[in-house]
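Each remark here refers to the structure printed beneath this line.
The values are calculated or read from the model by the stated rules, or taken from the named source; none is laboratory data. Just so you know, these numbers come straight off a predicted model, no measurement behind them. Every residue, glycine among them, receives a Cβ derived from its backbone with ideal geometry; neighbour counts consider all protein chains shown. Ligands, DNA and RNA are stripped out before the accessible areas are found, and what is left, the full protein with its side chains, is counted by its heavy atoms. Shrake-Rupley method; radii C 1.70, N 1.55, O 1.52, S 1.80 Å.
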Amino acid sequence: MKKRPIAIKLFLLVCLCLVIAIGYRVRGVYDARGQRAACHRANVEKLDSLEPSPATINTELQEIQLDQDVIDRIGETDDEAAIQRRNRMIDGVKIKLTKVNKDRAEGQRRAEQIQEELASCLAEVK
């Protein structure tokens, strides 16, 4: 008669341990999901902070195009003032292009850095 109560107690103890283990696993999965979501939110916020840069670059490119149109209209002329103006505009276009290229490279570098941070963050969660 004593074997049955002991077997029942052992069975209940095993069931309790199983329930506790499942509970810890569910909690771990839930916490990991929350951490992954936090990583993605932080990544999106950082990427969104890069948004003004492409808009600025597009504005600068439009200005460069307008300057190029003026340079083309001036064209080849013998007027010294027009030649000087054209040369100044060409120098300005070169400076703007250098800045645009630098801004693009910086934006690309920052985007890659943000992606690396996301990968690192997600790797920590696993």
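Rolling a 1.4 Å probe over the heavy atoms of the protein chains gives the chain an accessible area of 81 Å² per residue.
Under 5 Å from the amide H of Leu50 lies no amide H of any residue 5 or more positions distant or on a separate chain, with H modelled from the backbone and absent for Pro and chain starts.
From its DSSP helices (H runs of at least four residues, each -39,500 (n - 2.57)), the chain gives a residue-normalised ellipticity at 222 nm of -34000 deg cm²/dmol. With a 1.4 Å probe rolled over the protein heavy atoms of all chains, the accessible area of Lys46, Lys94 falls in the order Lys94, Lys46, largest first. Checking Cβ-Cβ separations below 4.7 Å across the chain identifies Cys15, Cys17 as cysteines lacking any candidate disulfide partner. GNM remark for the chain: springs join alpha carbons under 10 Å apart, and the peak mean-square fluctuation among Ile20, Ile57, Ile114 falls on Ile20. Please give the helix 52-74 orientation as an angle from the longest Cα principal axis of the chain, in degrees from 0 to 90, rounded to the nearest 10. Roughly 20 degrees, rounded to the nearest 10.
As a length-normalised measure over Cα pairs under 8 Å and 6 or more apart, the relative contact order of the chain settles at 40 percent. Taking the Cα centre of the chain as reference, the dipole from Cβ charges on Lys and Arg (+1) and Asp and Glu (-1) amounts to some 2240 debye. Once the chain from Leu50 to Leu18 is taken as fully extended at 0.36 nm per residue, the excess over their C-alpha distance is 6.7 nm. Helix 80-125 and the long axis of the chain differ in direction by around 10°, with both axes built from C-alpha atoms. Compared with the dominant principal axis of the Cα atoms in the chain, helix 3-49 is inclined by about 10°. Shown are Leu61, Leu10, whose ranking by accessible area with a 1.4 Å probe and every protein chain present, most to least, is Leu10, Leu61.
Each residue was assigned an accessible area with a 1.4 Å probe, and for Leu47 the value is about 50 Å². Lys-Lys pairs in the chain that are eight or more residues apart or on separate chains and whose Cα atoms lie under 23 Å of each other come to 4.
Compared with the direct C-alpha span, the chain from Ala119 to Thr98 gains 4.4 nm at full extension, assuming 0.36 nm per residue.
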